1. Angle, helix 131-163 long axis vs. longest principal axis of the chain, Cα atoms, 0 to 90°, nearest 10?
2. Report the per residue volume, in Å³, of the convex hull enclosing the C-alpha atoms of the chain.
3. At 0.36 nm per residue, and after removing the present C-alpha to C-alpha distance, how many nm does the segment from R136 to A184 gain when stretched out fully?
4. I'd like the FRET efficiency for D44 and V200, computed as 1/(1 + (r/R0)^6) with the beta carbon distance as r and R0 of 25 Å, rounded to 0.05.
5. Once fully extended, how much extra length lies between A100 and H470, figured as 0.36 nm per residue of separation less the alpha-carbon to alpha-carbon distance?
6. Solvent-accessible area of L234, probe 1.4 Å, all protein chains present, reported in Å² to the nearest ten, please.
7. Please work out the Cα center distance from the range 291-307 to the range 343-377, rounded to the nearest Å.
8. Put +1 on the Cβ of each Lys and Arg and -1 on the Cβ of each Asp and Glu in the range 14-95; which of I80, P31, A19 then has its Cα farthest toward the positive end of the dipole?
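The values are calculated or read from the model by the stated rules, or taken from the named source; none is laboratory data. Just so it is clear, the model here is predicted, and its values are computed rather than measured. Methodologically, a virtual Cβ is constructed for each residue, glycine included, from the backbone with ideal geometry; neighbour enumeration extends over all protein chains shown. Just so you know, the surface numbers come from the protein's heavy atoms only, side chains and all, with ligands and any DNA or RNA stripped out. Shrake-Rupley method; radii C 1.70, N 1.55, O 1.52, S 1.80 Å.
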Amino acid sequence: MAISPSTRNALALAGACLATLMFGLEISSVPVILPTLEAVLPADFKALQWIMNAYTIACTAVLMATGTLADRYGRKRLFIATTAAFGVTSLICGLAPSAAILIAGRFLQGMAGGAMLTCAVAIISHQFPDGRERGRAFTIWGVVTGVGLGFGPVIGGVIASLAGWQWVFLIHVPLTVLALAPAAIGIRESRDPQAKTLDVAGIVTLTLAVFGFSYVITQGAELGTATALGLAGLALASFLAFLVVERRAAQPMFDFSVFRIRRFSGAIIGCIGMNFSYWPFIIYLPIYFQSGLGLGSEAAGLLLLAYTVPFMLMPPVSDHLLRRHGPQVVIPLGMLTIGAGFIAMWFGRGLAEASWVSLLPGALLAGIGLGLTNPAVTNTTTGSVPSDRSGMASGIDISARLIALAINIAVMGLILVEGIRRSLPDAVATAFDRSQLQALASSIAAGNLGSLRDAYPVLALHDPSGTGVHAALVQGFGWVMLYGGIGAGVLAAISVLIFGGIRRPAQTGAAIACAESDA
């Protein structure tokens, strides 16, 4: 029995959305179980960072290779293979007996997830060539993405409480089967007849650069100045080598010519902006809610909904504004709103009677900003290039997101620890040498304040009530909030400059893309 084109498109979209749902759940549900993992594996603050960062760095390592391979060998074929691999690696993570094995499993899971997501975005763009239909498809995709990312904290908390932390990973095994069934039927195979060969040198140099910067930022305090500077220099050299390789290669995976298209370049700044502030902060928010505000895990999970649910509700609004005003308005506005949300949270945190009520307006505002930005940047990056280059475009899109996420997970952790260290009372700070003080700040940042006296008995003498330690934690989070707010605002301004100012477009559709590609 023949399947109608509309049914085939619906099945393809269902498979792509289910895969994206799994990818989103693995970002937003895992932070909720980090305090549990700290105790049961066990894992220290840096190990907890790597449980998250291994996933994002691995995603970055495969994104551009996936775009090239998908364009060359077929987007459907690669989507099916990587989705199946995501299920297998989720099984490995769920059965991990130690932090080291879980980090390794998360790296493999991230490789599969990054490739799966890249293919999903490229498939949607190719399956719906009409601009209006593609906009609707990406709106649905944005809503489903919002469900995974928005409800991930609550879903993760419920699964962990009912079945154990392992099932936060194991749940993806049956979900993989559900995603593969409609995908196999509905997706039309597509490829780029002009696809390039795999750029191994570019993949290796970019991966080493991202991993090197993340490692130095995360572990730098323990490495010593000379070692840290040496590794930072190697990471910088790897990045410069990547730029040289991509410019000289006959068939580079990273086509710099697309950055001449203002719509594409402005949207990429939006990709960076979201993952500069909003998404890395979700990893640390459960710690602030539980240890900073004294909420229980259930209340913390519910409060995270205020941070994430607006993201799920805003894609239709974003699509309407995008069609009416263009990306040059929606994307900077979204990032500016994210920044305003972070500033509002910073202000609410600093109130004398700070509570979840004082944090709520900023959390809602940041989520609204993300909901405005995300669908607009996804639609704009893939819609600004020819459909046969959608794999490459989606690879650059997601690379920008995950490189920014990986770097800023590490940067926010560094700022949090440094903010705590500098905010500790003098009586506490002078009771430790520099290395001990750094270790204490890292322990405070992990949020398990109740066990600090066992690990640091001197605190009973110099901070018997624990108020100094708690105040330092709150102050450290203030530093992080300020960083996120200022960063999002600066990137909003940069995107305005790249777009060429905020103006209502006089043209729509392909005419705008053509006109701006000549700019």
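1. Its long axis makes an angle of about 30 degrees.
2. On the way: hull volume 70.5 nm³, N = 519.
In the chain, the Cα hull volume divided by residue count equals 136 Å³.
3. Details: separation 48, 0.36 × 48 = 17.28 nm, distance 2.19 nm.
Between R136 and A184, full extension yields an extra 15.1 nm.
4. Values: r = 35 Å, r/R0 = 1.40.
Efficiency for this residue pair is about 0.10.
5. Details: separation 370, 0.36 × 370 = 133.20 nm, distance 2.98 nm.
Computed gain between A100 and H470 is 130.2 nm.
6. So the heavy atoms of L234 present about 110 Å² to solvent.
7. Taking the Cα centre of the range 343-377 as reference, the centre of the range 291-307 is 14 Å away.
8. It is I80.
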